[in-house]
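Input: a single structure, listed below in structure tokens.
The values are calculated or read from the model by the stated rules, or taken from the named source; none is laboratory data. These numbers were taken from a predicted model, which means no experiment stands behind them. Note that each Cβ is placed from the backbone with ideal geometry, even for glycine, and that neighbours are counted across all protein chains shown. Ligands, DNA and RNA are excluded from the accessible area calculation, which covers all protein heavy atoms including side chains. Shrake-Rupley method; radii C 1.70, N 1.55, O 1.52, S 1.80 Å.
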Amino acid sequence: MESEDFAKGTERMVDPITVGSIHFMQQFYGMMPLGMQRKLLARASETTPYMGFVVEPYAFFLFYEIADERRASSLLPSGFRLAEARVFEGDEPAHFAIMSFFRVHTSAFWGSRAEFYLVAEDERTGLLSWVIVDYASDTISYDRKHGLRAPSAPPAVMTTTYDGRVLVDMASIQDGGRTAFSATLENSHIRKLDTRLWIEGNLSVGYGKSLSEDNSDVFSLTFLPEEMGAALDVPLENLRLEQATWCTDMLAPKPSKLACFPFAQHLLSDSPGFASGHSTEEELREAARSVDFGALKTFSIGSVRKSMLASMAITVGMLAILVVALIMK
């Protein structure tokens, strides 16, 4: 079956040993200048353009209507404007900010993530876009501002309980912001998702003004469209929100929609510096069907070791220059 082949192919791109090596490498790689990190990643993306990206079951989404559109717009990079969207098919459109919480295993990292998005339109392409304004994670990550980044929210809780609750508690070590809630899935039901938000939006994913340093580049996810076809519509009364401090100055007091995926989602994510450029659902489906997982190169321990050794050599060289400068002072 098509869905099984794509799921198996994506899972096989995730090697726990390689992921562990990359986590170890980050301690050294993070010492390199950001410009050099970008060049190395761009070079790596030429041979490994995709990462296997598996979102584990029960990814949970809180949709807040935006109360202060001027403030929200100021967080977008140049070339993007706020756009209305629908969560589920047939909903009334609104300007949304989205908080997502999920566990993920990929070709490069493994752990829990929380992401804060604004729904916007890319004025160059007209595509609806998910713009990542901020994120927190208990594992490594990468963005233009920070480079290869150490965990920003350890330890994190993103799990389920025996009595059918989704349980989240994540706090950033940078700013102390925290989101903690539980939600039962009782009386939830599967509904069709809005195609433009969930399919088109995932073909045009960018970073906010701060994380991108006002760079408007976007990347795509490659997947079978059915992965984003439907999700659980969770009743608002099922949410027990303990604390949420993420950009609350510009949001409505409470979320207006809740969504949850009770299954794993299998995706290919563009590597940093590479862009697939899908622009329609038809192009997306054709791209997903044409993936040759047997020929697709992914991260290897060899490439990880080479990058780590290069990083260590540069670090040692910088320390040697500093020591000589101090001696001659």
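Within the range 241-251, the set of residues being open to solvent by 30 Å² or more (accessible area, probe 1.4 Å) and either more than 13 Å from Phe60 (Cβ to Cβ) or free of Cβ contacts under 8 Å to residues at least 24 places away in the same chain (or both) comprises Glu242, Gln243, Thr245, Trp246, Thr248, Asp249.
Just to be sure, is Arg81 part of a strand (DSSP E or B), open to solvent by 20 Å² or more (accessible area, probe 1.4 Å), touching a Ser or Thr at 6+ places or on another chain (Cβ under 9 Å) and not hydrophobic (A, V, I, L, M, F, W, C)? Here the answer is yes, as Arg81 does meet what is asked.
Any residue that is farther than 17 Å from Glu84 by Cα, among the hydrophobic types (A, V, I, L, M, F, W, C), modelled with pLDDT of 95 or more and open to solvent by 10 Å² or more (accessible area, probe 1.4 Å) - is there at least one of those in the range 141-149? Among the residues of the range 141-149, not one is farther than 17 Å from Glu84 by Cα, among the hydrophobic types (A, V, I, L, M, F, W, C), modelled with pLDDT of 95 or more and open to solvent by 10 Å² or more (accessible area, probe 1.4 Å), which makes the answer no. Consider the range 189-222 and keep the residues that are under 22 Å from Ser152 (Cα atoms), buried (at least 16 other Cβ atoms within 10 Å of the Cβ) and among the hydroxyl-bearing types (Ser, Thr, Tyr). The one that is farthest from the chain's Cα centre (by Cα) is Ser212. Filtered by the rule that a residue be open to solvent by 10 Å² or more (accessible area, probe 1.4 Å) and farther than 14 Å from Ser216 by Cα, the range 97-134 gives Phe102, Arg103, His105, Ala108, Phe109, Trp110, Arg113, Glu115, Tyr117, Asp134. Determine whether the range 181-188 contains at least one residue that is modelled with pLDDT of 95 or more, surrounded by fewer than 16 Cβ atoms within 10 Å (Cβ to Cβ) and not in a helix (DSSP H, G or I). For the range 181-188, residues modelled with pLDDT of 95 or more, surrounded by fewer than 16 Cβ atoms within 10 Å (Cβ to Cβ) and not in a helix (DSSP H, G or I): present. The set of residues in the range 107-121 that are more than 11 Å from the chain's Cα centre (by Cα) and assigned to a strand (DSSP E or B) comprises Trp110, Gly111, Leu118, Val119, Ala120, Glu121.
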